[in-house]
Amino acid sequence: LVAGSLERLDRALLAAGLDGCLVTSRPDVRYLSGFTGSNGWLFVQPDRRILLTDSRYVDQAAAEAPAWSVAIAPAGLMAALVATLDGPARVAVDPADVSHAIWQRLPTDVEVEWVPADSAVRALRRRKAHSEVDAIRDALALAEEVLLEWVADLRPGMTELSAAADLEHRCRRRGATAMAFETIIAGGSRGALPHARPTEEPLAVGDRVVVDFGCVVNGYCSDITRSVEIGASSDPAWERIHAAVDEARCAAIAAIEPGVRASCVDATAREVLAGHGLAEYFTHSLGHGVGLDVHEEPRLATSSTDVLEAGMVVTVEPGIYLPERGGIRLEDMVLVTTHGAERLNGLGTDVLRVAEEA
Ligand code: ZN
Ligand code: ZN
């Protein structure tokens, strides 16, 4: 539950000419009500706050969402929703979250007009409250501590899968409730795939490894990528690429401030890499918002129409991928402040080196 979110939602609905909204996505439900159960919808009107859930969550709903009237739905959320409807209203439903099957089952024999409208809650979630930024800081600090501890124990010969399992286990032991997404550990030529899955391949001396992971603390995600090298020696060509990617990262972070177009920040990173003759090898967008979801608004991309605002938390993650050779990506998390940007990472971006011998 984020303080003040309901009042801001009421104002947003009023401004959009809507009488209420049906909130269906789990992060939206959590953001607005505090309820974390796996099955729940919110029906919101200025004078009505109804949490629809099922009998497994009677106690949890009362404890987590004390300000809401809880409607238990023995015959499913839709039936419970129908039972709560009274009087004419224009009610927003989020087409990005509601399936076609649910859309077709929304009752039409009532005076409610269902209006497909992008989630007003998702829009509110773009700018983080202090409590949310604190949770993100905690999730990132935990990930960084784990990363250093994990690298110190990593040895050549470990497979990517077992290295990933070890990393995730350490996150959980330190208090993460989940991983934010599927951990990416991609050694050698597999690092050329920006979203490689860990394989049974062993990490070998001389490998350059893309490590991209994040964990969840208090519902909020972290997301970090670093380059790990197995063994003492390094390749000067890759050292130059690492330096170029890092320069792009720094330039992009320096370009972040409120009022700046997200596409301009993306372009800043791209220009740096173009200056090193590497533009064609940066094959994805620069970054994304992070919060209750690991990928949320805004998008830092060439095609993005988002404009940065104070309170947004975004990743900056330039990468260079040489087909069949490997890749380097460096990913930080950044808070847009009232005057500029604050890098949330405590850890630097140097290569993390794994000893050849135990
Ligand atoms: Zn990442
Ligand atoms: Zn990311």
Residue that is within 12 Å of ligand 1 (Cβ to nearest atom) and either modelled with pLDDT of 95 or more or farther than 11 Å from residue 327 by Cα (or both), where the choices are 199, 183:
183
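If you scan region 277-333, which residues turn out to be polar (S, T, N, Q), open to solvent by less than 20 Å² (accessible area, probe 1.4 Å) and within 11 Å of ligand 2 (Cβ to nearest atom)? Even if it seems obvious, please write down each step before you answer.
The initial filter retains those residues of region 277-333 that are polar (S, T, N, Q), namely 283, 285, 302-305, 315.
In the following step, the residues that additionally are open to solvent by less than 20 Å² (accessible area, probe 1.4 Å) were identified as 304, 315.
Correct list: 315 only.
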Mind checking which helices (runs of 4 or more DSSP H) fall wholly inside region 67-142 and carry at least 1 residues that are under 15 Å from residue 24 (Cβ atoms) and open to solvent by 80 Å² or more (accessible area, probe 1.4 Å)?
100-105
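Table: residues versus (1) within 16 Å of ligand 2 (Cβ to nearest atom); (2) closer than 24 Å to residue 308 by Cβ; (3) of a type in the set (Lys, Arg).
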{"site": "180", "(1), (2), (3)": "yes, yes, no"}
{"site": "187", "(1), (2), (3)": "no, no, no"}
{"site": "206", "(1), (2), (3)": "no, no, no"}
{"site": "219", "(1), (2), (3)": "no, yes, no"}
{"site": "229", "(1), (2), (3)": "no, no, no"}
{"site": "252", "(1), (2), (3)": "yes, yes, no"}
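On the given criteria, is residue 3 open to solvent by 30 Å² or more (accessible area, probe 1.4 Å) and part of a loop (DSSP other than H, G, I, E, B)?
Here the answer is yes, as residue 3 does meet what is asked.
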Any residue in region 36-49 that is in contact (Cβ under 8 Å) with a residue 40 or more places away in the chain and open to solvent by less than 50 Å² (accessible area, probe 1.4 Å) sitting within a Cβ distance under 6 Å of a residue that is assigned to a strand (DSSP E or B) and of a type outside the set (A, V, I, L, M)? List the pairs, counting only those 6 or more apart or interchain.
45/20
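Table: residues versus (1) touching a strand residue (DSSP E or B) at 6+ places or on another chain (Cβ under 7 Å); (2) assigned to a helix (DSSP H, G or I); (3) more than 11 Å from residue 211 (Cα to Cα).
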site	(1), (2), (3)
149	no, yes, yes
156	yes, no, yes
162	no, yes, yes
167	yes, yes, no
170	no, yes, yes
185	yes, no, no
190	no, yes, yes
197	no, no, no
Quick one: count up the residues across region 218-245 that are in contact (Cβ under 8 Å) with a residue 40 or more places away in the chain and either in a loop (DSSP other than H, G, I, E, B) or within 16 Å of ligand 1 (Cβ to nearest atom) (or both).
15
Out of everything in region 338-350 that is part of a loop (DSSP other than H, G, I, E, B) and either open to solvent by 40 Å² or more (accessible area, probe 1.4 Å) or closer than 22 Å to residue 235 by Cβ (or both), what residue ends up being nearest to ligand 1 (Cβ to nearest atom)?
349
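So that you can scan it fast, the table gives a plain yes or no per residue for (1) within 13 Å of residue 328 (Cβ to Cβ); (2) touching a Leu at 6+ places or on another chain (Cβ under 8 Å):
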residue	(1), (2)
191	yes, no
194	yes, no
200	no, yes
209	yes, yes
216	no, no
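For every residue, the table says whether it meets (1) among the hydroxyl-bearing types (Ser, Thr, Tyr); (2) under 30 Å from the mean Cα position of the chain (by Cα).
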position: 5; (1), (2): yes, yes
position: 28; (1), (2): no, yes
position: 38; (1), (2): yes, yes
position: 45; (1), (2): no, yes
position: 56; (1), (2): no, yes
position: 108; (1), (2): yes, no
position: 113; (1), (2): no, no
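The values are calculated or read from the model by the stated rules, or taken from the named source; none is laboratory data. Only a predicted model underlies this, so the values are computations on that prediction, with no experimental measurement involved. Glycine also receives a Cβ, built like all others from the backbone with ideal geometry; neighbour counts cover every protein chain displayed. Accessible surface areas use protein heavy atoms only, side chains included; no ligands, DNA or RNA. Shrake-Rupley method; radii C 1.70, N 1.55, O 1.52, S 1.80 Å.
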